[in-house]
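The values are calculated or read from the model by the stated rules, or taken from the named source; none is laboratory data. Note that the coordinates shown come from a computational prediction; the quantities given were computed from them, not determined experimentally. Virtual Cβ from ideal backbone geometry, glycine too; neighbours counted across all protein chains shown. Areas reflect the complete protein model, heavy atoms only, side chains present, ligands, DNA and RNA absent. Shrake-Rupley method; radii C 1.70, N 1.55, O 1.52, S 1.80 Å.
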Amino acid sequence: MSVPTRSSLLLLGLAGVLAIAGGAILGWRTSEPATAAVMAAEQPLPSGERAGTTGMTIRLAMSAAFVSESGIGVYSRIAEYLTHKTGVQTEFISGLAYGTINSMLEEGTVHCGFICGLPYVMLRDNPRPAARLIAAPIVKAARYGGKPKYYSDLIVRQDSPYQSIHDLAGKTYVYNDEISNSGYNLPRYRLIQLGLTNGFFGKVLRSGSHEESIRMVAAGEADASFVDSLVLDYDREKGFGHAAKVRVLESVGPAGICPIVASSRMPEDLRESLQRALVTMHEDPEGRKILEEALLERFTLVDDSNYDDIRSMREAADKAGFTHIR
């Protein structure tokens, strides 16, 4: 079976299971990952695959931090591109919660992943670091300044009367996940900066994904949300979902952009092979075409210090005793 077929079948399988379970295409609107996806990813690797890269199949997971559901297709093509360039078969896995992907990277049941910056910091700062950086994307849009950085955008409904964050006192706030940098860590730090830590919001809800947070704000089910600028910009550019029905009150950041990481259990030569393929992708006609569709300029090497801003904001929340948005 060809690699594109394997990836396509895996994605279709996930979609089918989740459609039966509740209707969300790939489970980013739920707090729990798809059972089928977890079972597929948790199958132990055959002993022959652990010893080296020959005949190895790598499992590449993607969280909802990069793009919304509409972007799954283009990121699956990045996985196929990596197979073509490295000669190592790749299985693309999506629909998993942030925490689930972290656990799988720790266990080595997925080898690498497109993940959020805060989950990366959590893995990297373990006493025994569980992940290593492979690369990070540079987004084409001008506001990213050609750097591996991104923002958290505070959104409200287009026709709402709110003009600043202060207008949201006593209102309903929705976030995607407690270990999301743009959905939780960055906004929590912003509230600390403004001294709004004594029960500022009237109600706080959890959505399970940035895309669902955008939908809830657009539908009036919540008054505001801080969402990943990558997701919001992608949906706006592609005309997808409810992004056109919300407006941005302010942007917080920049902060280290969502990276591509390798499990510490991945063989070093394989990590380096994937890294070479990614950071030279923009030099290849096939690679450039995929990057254009993903709204990316290129992938670049990035140092762990790129994520010190995320660490400092998390430490500030611990120091202030304000670990939960309220």
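Inside region 88-136, can you point out the residues that are of a type in the set (Val, Ile, Thr) and in contact (Cβ under 8 Å) with a residue 60 or more places away in the chain?
Matches in region 88-136: 88, 90, 93, 100, 109, 110, 115, 121, 134.
I'm trying to understand the selection: among the residues of region 105-136, which are farther than 21 Å from residue 290 by Cβ, open to solvent by less than 10 Å² (accessible area, probe 1.4 Å) and assigned to a strand (DSSP E or B)?
Residue satisfying the conditions is 131 alone.
Enumerate the strands (runs of 3 or more DSSP E) found wholly within region 137-209, keeping only those where 2 or more residues are touching a residue at least 12 places away in the same chain (Cβ under 8 Å) and surrounded by fewer than 19 Cβ atoms within 10 Å (Cβ to Cβ).
Working: elements: 149-157, 172-175, 203-206.
Filter on region 137-209 gives 203-206.
Scan region 294-321 residue by residue and report those that are surrounded by 20 or more Cβ atoms within 10 Å (Cβ to Cβ) and β-branched (Val, Ile, Thr).
302, 310
Restricting the first residue to region 262-281 and requiring it to be more than 16 Å from residue 84 (Cβ to Cβ), which pairs with a second residue that is charged (D, E, K, R) and surrounded by 18 or more Cβ atoms within 10 Å (Cβ to Cβ) meet a Cβ separation below 7 Å and a spacing of at least six or different chains?
Close Cβ pairs (under 7 Å, with a partner that is charged (D, E, K, R) and surrounded by 18 or more Cβ atoms within 10 Å (Cβ to Cβ)) amount to 262/132; 262/271; 264/132; 271/132.
Confirm whether residue 236 is in a helix (DSSP H, G or I), outside the structural domain of residue 117 (by the TED database) and under 20 Å from the mean Cα position of the chain (by Cα).
When the stated conditions are applied, residue 236 passes them.
Going by the conditions given, is residue 144 hydroxyl-bearing (Ser, Thr, Tyr) and more than 13 Å from the chain's Cα centre (by Cα)?
Details: hydroxyl-bearing (Ser, Thr, Tyr): yes; more than 13 Å from the chain's Cα centre (by Cα): yes.
For residue 144, the condition - hydroxyl-bearing (Ser, Thr, Tyr) and more than 13 Å from the chain's Cα centre (by Cα) - is met.
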